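A.B. asks: Before anything else, here's the structure in question.
Coordinate-derived values only; no laboratory data. As the structure is a prediction and not an experimental result, all values here were calculated from the model. Positions of Cβ are backbone-derived with ideal geometry, glycine not excepted, and every protein chain shown enters the neighbour counts.
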Amino acid sequence: MTDTGFPLLLDLSGRRAVVVGGGAVATRRVRALVAAGADVLVVAPEVSDELRTAPVRVQRRPFSASDLDGAWLALACTDDPAVNEAVAVAALERRIFCVRADAAREGSARTPAVARHDGITVAVNGGDDPRRATALRDAIAAGLDTGDLPTRRVRPTGSAGSVALVGGGPGDPGLITVQGRRLVAQADVVVVDRLAPRGLLEGLGDDVEIIDCGKSAHRHNLSQAEINEVLVERARAGKRVVRLKGGDPFIFGRGGEELLACTAAGVAVTVVPGISSALAGPALAGIPLTHRGVAADFTVVSGHLDPGRAADQGIDWPGLATHAGTLVLLMAMDRLDLISAALIEHGRAGDTPAAVVHRATTPEQRVVRATLADIADAARRAGVGAPAVVVIGEVVGVLS
Ligand code: SAH
């Protein structure tokens with residue numbers, strides 16, 4: 001067969017396909033034929049265990065030309081070129097297309113490497129080198145999965161909108177999940193936080209509406225109520241809305257409130273978890289949150305409240321001070337002096353190792369290490385402030 005072959009998708013449902021051979025290649029082809037609904041006949045003296053139990057007819061004997069009578073497609077998959085040649089000749093006589101596993105060029109049809117995704121089929125032929133085809137197919141499959149390749153469907157007008165609360169991870173665009181990435185690629189509207197992986201926005205089409213919440217402790221472009229309203233309003237207008245958040249949507253991300261607002265409005269809403277900065281920050285600084293023989297638990301605490309008044313919010317600083325496990329603080333840079341003083345006052349040793357991880361996973365990442373007693377000063381001297389994750393506990397020194 002020439003390189004200018006005519007690509008087709010065959011409807012083999014209920015149609016006879018004959019596979020000659022019973023080894024690994026034959027087994028793979030039979031799997032695909034069964035998935036396509038073909039009426040499969042396998043002819044071979046020996047067949048694999050999988051073929052023995054597959055929903056196909058198996059004739060345990062040598063090939064004979066009349067096996068192809070009534071067939072639409074023949075696949076010659078033996079390791080004996082003479083047998084494969086005999087299959088090709090018998091197929092030609094009957095005007096049946098024949099794929100040769102040993103010598104693609106000698107057959108009248110070829111099987112491509114295939115990727116399927118959400119109603120799309122991509123079939124790749126790599127000329128005489130099947131590895132080129134599988135390598136390209138794998139790359140295409142990955143691109144379809146992540147949304148790097150465009151898979152947006154043109155949706156009929158009037159179709160229902162939705163909201164996805166997507167955890168974008170700590171900032172590096174490579175640390176969002178595949179599912180989150182795909183939803184971003186398919187979105188009509190992206191409502192984005194300051195600490196979300198903004199690098200992902202650069203790849204979006206001009207027709208995608210980007211709403212920047214610009215949220216920081218000191219600057220609120222949109223209030224939470226306004227954000228909830230925008231999510232509901234755009235989804236009601238039929239848009240696929242992605243609420244792209246930093247870290248995980250349900251860890252100090254107000255994702256719960258957004259979810260409630262959507263369900264109250266009858267808007268379909270899904271949650272895609274993300275890698276929280278509480279986990280990524282320590283990991284990137286080389287600090288294991290647990291370590292055998294050192295710490296068997298960790299506690300993640302919001303540090304944005306004055307420790308004197310934290311008890312009102314259920315934060316038990318005296319209890320956390322006497323507990324031996326690892327402490328992780330988010331939103332704590334403004335009050336790190338007060339928090340470390342409170343921990344020491346309630347019984348944590350002042351020489352407990354501590355670290356501040358600023359803008360973890362981004363090019364601006366900085367790590368400051370000191371003792372609990374000194375950590376706030378050390379961060380100040382280094383000019384390191386929010387956003388940062390603070391880690392307190394013996395684990396801080398365990399790998400360094
Ligand atoms: N939902 C987010 C947290 C939002 S609260 C998550 O799961 O990560 C905002 C706080 O998260 C910041 O004050 C800071 O403490 C922390 N934070 C977020 N991204 C960070 C990053 N890249 N590096 C360090 N800290 C970060």
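A.B. asks: With N denoting the number of residues in the chain, provide Rg(C-alpha) divided by 2.2 N^0.38 Å, to two decimal places.
C.D. replies: Cα Rg divided by the expected 2.2 N^0.38 Å: 1.41.
A.B. asks: Give me, ordered by chain and number, the residues 5 or more places off G107 or on other chains with an amide H under 5 Å from its own placed amide H.
C.D. replies: R100
A.B. asks: Based on the Cα atoms of segment 16-146, what semi-axes does the equivalent ellipsoid have, where each is the square root of 5 times one gyration tensor eigenvalue, given in whole Å with the largest first?
C.D. replies: Details: eigenvalues 136, 56, 35 Å².
After diagonalising the Cα gyration tensor, the semi-axes are 26, 17, 13 Å.
A.B. asks: If you count, for each residue, the other Cβ atoms within 10 Å and average over each peptide, how do 77-88, 377-388 line up from highest to lowest?
C.D. replies: On the way: 77-88: 18.6, 377-388: 16.4.
The packing order, highest mean first, is 77-88, 377-388.
A.B. asks: Additional query: Pairing the Cα long axis of helix 24-35 with the longest principal axis of the chain, what angle in degrees results, from 0 to 90 and rounded to the nearest 10?
C.D. replies: Taking Cα atoms only, the helix is inclined about 80 degrees.
A.B. asks: A further question on this structure: Would you work out if segment 263-345 is rounded, prolate or oblate? Take a ≥ b ≥ c from the square roots of the eigenvalues of the alpha-carbon gyration tensor; rounded if a/c is under 1.5, else prolate when a/b is larger than b/c, oblate otherwise.
C.D. replies: It is oblate, given that a/c is not under 1.5 and a/b is not larger than b/c.
A.B. asks: Can you tell me the relative contact order of segment 16-146? Whole percent, Cα pairs under 8 Å, sequence separation 6 or more.
C.D. replies: Working: 234 pairs, mean separation 23.8, N = 131.
Answer for segment 16-146 is 18 percent.
A.B. asks: Arranged from highest to lowest average of other beta-carbon atoms within 10 Å per residue, in what order do the peptides 21-32, 241-252 appear? Could the numbers behind the result be given before it?
C.D. replies: Working: 21-32: 19.7, 241-252: 25.4.
Ranking the peptides 21-32, 241-252 by packing returns 241-252, 21-32.
A.B. asks: Assign one of three labels to segment 343-386, namely rounded, prolate or oblate, based on the Cα gyration tensor with a ≥ b ≥ c the square roots of its eigenvalues; rounded applies when a/c is under 1.5, prolate when it is not and a/b is larger than b/c, and oblate otherwise. Intermediate values should be presented prior to the final figure.
C.D. replies: On the way: a/c = 2.98, a/b = 2.27, b/c = 1.31.
Prolate, since a/c reaches 1.5 and a/b exceeds b/c.
A.B. asks: Can you list residues whose amide H is under 5 Å from L149's amide H, if they're 5+ apart or on another chain and H is modeled 1.01 Å from N?
C.D. replies: L144
A.B. asks: So what is the 222 nm mean residue ellipticity for the chain from helices alone, if each DSSP H run of at least 4 adds -39500 (n - 2.57) and you divide by all residues, rounding to the nearest 500 deg cm²/dmol? Numbers along the way, then the final one.
C.D. replies: Numbers: 11 runs with 110 residues, N = 400.
For the chain, the value works out to -8000 deg cm²/dmol.
A.B. asks: Please state the charge dipole magnitude for the chain, taken about the Cα centre, from unit charges on C-beta atoms (+1 on K and R, -1 on D and E), reported in debye and rounded to the nearest 20. If you can, show how the numbers build up before the last one.
C.D. replies: Values: 43 positive and 46 negative charges, 150 e Å.
That gives the chain a dipole magnitude of about 720 debye.
A.B. asks: Please state the charge dipole magnitude for segment 159-318, taken about the Cα centre, from unit charges on C-beta atoms (+1 on K and R, -1 on D and E), reported in debye and rounded to the nearest 20.
C.D. replies: 260
A.B. asks: Which whole-Hz couplings ³J(HN,Hα) result when phi for each residue of segment 122-130 is put into the Karplus expression 6.51 cos²θ - 1.76 cosθ + 1.60, θ = phi - 60°, listed in order with x for Gly and Pro?
C.D. replies: Ordered by residue, 3J(HN,Hα) equals 10, 10, 10, 10, x, x, 8, 10, x Hz.
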